[in-house]
Amino acid sequence: MFIYLDNNATTPVASGVAAAMAPFHTEFFGNPASLHRFGQELRPVIARAREAVAALLSAEPAEITFTSGATEAINTALFGLATAHPGKRHLVATGVEHDATLKTCEALGRRGFDVTILPVDETGGLDLRQFEQALRPDTLAASVMWANNETGVIFPIAELAAIARSRGVLFHCDAVQAAGKIPFEGVRSGVDLMSVSSHKFHGPKGMGALYVRRGVRIAPLIHGGGQEEGMRSGTSNVPGIAGMGKAAELALEFVRSGGPDRMAALRDRLERGLLDRVEDARVNGAGQPRIPNTTNLAFRHASGEAMLQLLDEEGIAAATSSACQSNDPEPSHVLKAMDVPVTWVRGSLRLSLSRYTSNEEVDAVLAALPDIVAKSRRASTFSGDPLAGEFERFQRQGR
Ligand code: PLP
């Protein structure tokens, strides 16, 4: 049995999604911008997909722009606002955002923007008063993720968006890890812009969407043939759009049929079981509301990399930090921002379930992981004190 518990990195494409995409590679291959029938027959396909994505986000179809993923959506949101509102030159984000946001803020910083990066506490929580105090008369926008990809911690988006609105600040939300895992009703109304990614909810890779509330002024990032109402030029990725639409439909069904509660019960059983079976273990982000599929466990004095390798040998896929950073030897910027002590950071492991994760798979991980933690701890002790070097490196970084 191969067990995939790295669903915050990417998810398998649902079989219904793959089937929905297939005809658009071969049979219906036209360019939807063409005036002949090969193009025209694709228009309703794109419209239906837009409706499905809008329904998942509790938005209107006209508020949805298809993109090549969340990274592009986030870049479009922040650069697009910056271009359309040249009078305001300050942005606010949190220190635990995905690099898609942090690096975009850095790029805007190089173009003269002042960026305030807010800290989180040791549970990964955000102080609402600190958020409010960071907003200034020249603040253009705040960008805050709904759920963290590493810990699963959920930020109070409705409250944050309301504070931003009361101060005349636009609010962008990176909703990548929330889409298809928690309901969006009631929250979307206060958010001005929102980015999502299809491959995190069993859709194809290289597809995403940007929600822009009707009336919000924004400039496009990509210029050309004027597709997507001029918001995102480039020939439409019809198979990708059809696939993302189907994936959104299935994700909404999952959310509406009590799927998140079932998923949380399975995650809780896995988490509780591991805390019971392994000494010196804790949950990064415990005490905060979290999305139902994620647990980030820290095993003191263990090695995340060694555990990943041993798990892989058992056919179990997990992660130590976000996929984009997995070839980066530096400790996770999220756990660092939470001030997780070095002896715990190093032994942190993210297990992220999908709606297809089974009870049997959880049982298999509960059976395998305690021994793997023990082996990894023994290996750390054998090789002297590898933590010492790591600790010094951490100290040099001014932690
Ligand atoms: N934001 C978050 C929270 C993510 O987890 C990811 C992907 O890992 C992204 C943004 C980037 O999404 P994409 O892969 O669609 O560019």
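The values are calculated or read from the model by the stated rules, or taken from the named source; none is laboratory data. The structure displayed is predicted, hence computed values, not measured ones. Positions of Cβ are generated from backbone atoms using ideal geometry, with glycine treated the same way; all protein chains shown enter the neighbour counts.
Taken over the range 91-116, residues that are more than 16 Å from the ligand (Cβ to nearest atom) and either closer than 21 Å to residue 146 by Cα or in a loop (DSSP other than H, G, I, E, B) (or both) amount to 7. For the range 153-181, filtered to residues that are away from the ligand (no atom under 14 Å from the Cβ) and over 24 Å from residue 138 (Cβ atoms), the residue that is surrounded by the most Cβ atoms within 10 Å (Cβ to Cβ) is 156. Selection of the range 8-17 for residues being more than 16 Å from the ligand (Cβ to nearest atom) and surrounded by fewer than 16 Cβ atoms within 10 Å (Cβ to Cβ) yields 15, 16.
Within the set 51, 72, the sole residue that is among the acidic types (Asp, Glu), more than 15 Å from the ligand (Cβ to nearest atom), assigned to a helix (DSSP H, G or I) and at pLDDT 95 or above turns out to be 51.
Taking (1) farther than 26 Å from residue 7 by Cα; (2) acidic (Asp, Glu); (3) within 16 Å of the ligand (Cβ to nearest atom) in turn, residue 132 satisfies each apart from (3).
Hey, can you tell me all the residues within the range 75-90 that are surrounded by 18 or more Cβ atoms within 10 Å (Cβ to Cβ) and assigned to a helix (DSSP H, G or I)? Of everything in the range 75-90, those that are surrounded by 18 or more Cβ atoms within 10 Å (Cβ to Cβ) and assigned to a helix (DSSP H, G or I) turn out to be 75, 76, 77, 78, 79, 80, 81, 82.
Among the numbered conditions (1) over 24 Å from the mean Cα position of the chain (by Cα); (2) in a helix (DSSP H, G or I); (3) β-branched (Val, Ile, Thr), the only one that residue 235 does not meet is (2).
Does residue 183 qualify as being outside the structural domain of residue 352 (by TED's automatic domain parsing), closer than 18 Å to residue 8 by Cβ, not charged (D, E, K, R) and not in a strand (DSSP E or B)? So residue 183 fails the test. Among the numbered criteria (1) in a helix (DSSP H, G or I); (2) within 21 Å of residue 362 (Cα to Cα), which one does residue 298 miss? All conditions are met except number (1).
Residue-by-condition table, conditions (1) in the same structural domain as residue 180 (by TED's automatic domain parsing); (2) free of Cβ contacts under 8 Å to residues at least 24 places away in the same chain; (3) more than 16 Å from the ligand (Cβ to nearest atom):
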{"residue": "236", "(1), (2), (3)": "yes, no, yes"}
{"residue": "264", "(1), (2), (3)": "no, no, yes"}
{"residue": "281", "(1), (2), (3)": "no, no, yes"}
{"residue": "287", "(1), (2), (3)": "no, no, yes"}
{"residue": "294", "(1), (2), (3)": "no, no, no"}
{"residue": "298", "(1), (2), (3)": "no, no, yes"}
{"residue": "310", "(1), (2), (3)": "no, no, yes"}
{"residue": "314", "(1), (2), (3)": "no, no, yes"}
{"residue": "339", "(1), (2), (3)": "no, no, yes"}
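The residue list 13, 53, 17, 45 contains one member that is more than 21 Å from residue 355 (Cα to Cα) and not charged (D, E, K, R), which is 45.
Can you tell me which residue among 189, 198, 166 is at pLDDT below 95 and either not assigned by TED's automatic domain parsing to the domain that holds residue 87 or not charged (D, E, K, R) (or both)? Walk me through how you get there before you give the answer.
Details: 198 fails: at pLDDT below 95; 166 fails: at pLDDT below 95.
Being at pLDDT below 95 and either not assigned by TED's automatic domain parsing to the domain that holds residue 87 or not charged (D, E, K, R) (or both) holds for just one of 189, 198, 166, which is 189.
The residues of the range 113-144 that are over 30 Å from residue 282 (Cα atoms) and in contact (Cβ under 8 Å) with a residue 60 or more places away in the chain amount to a single one, 141.
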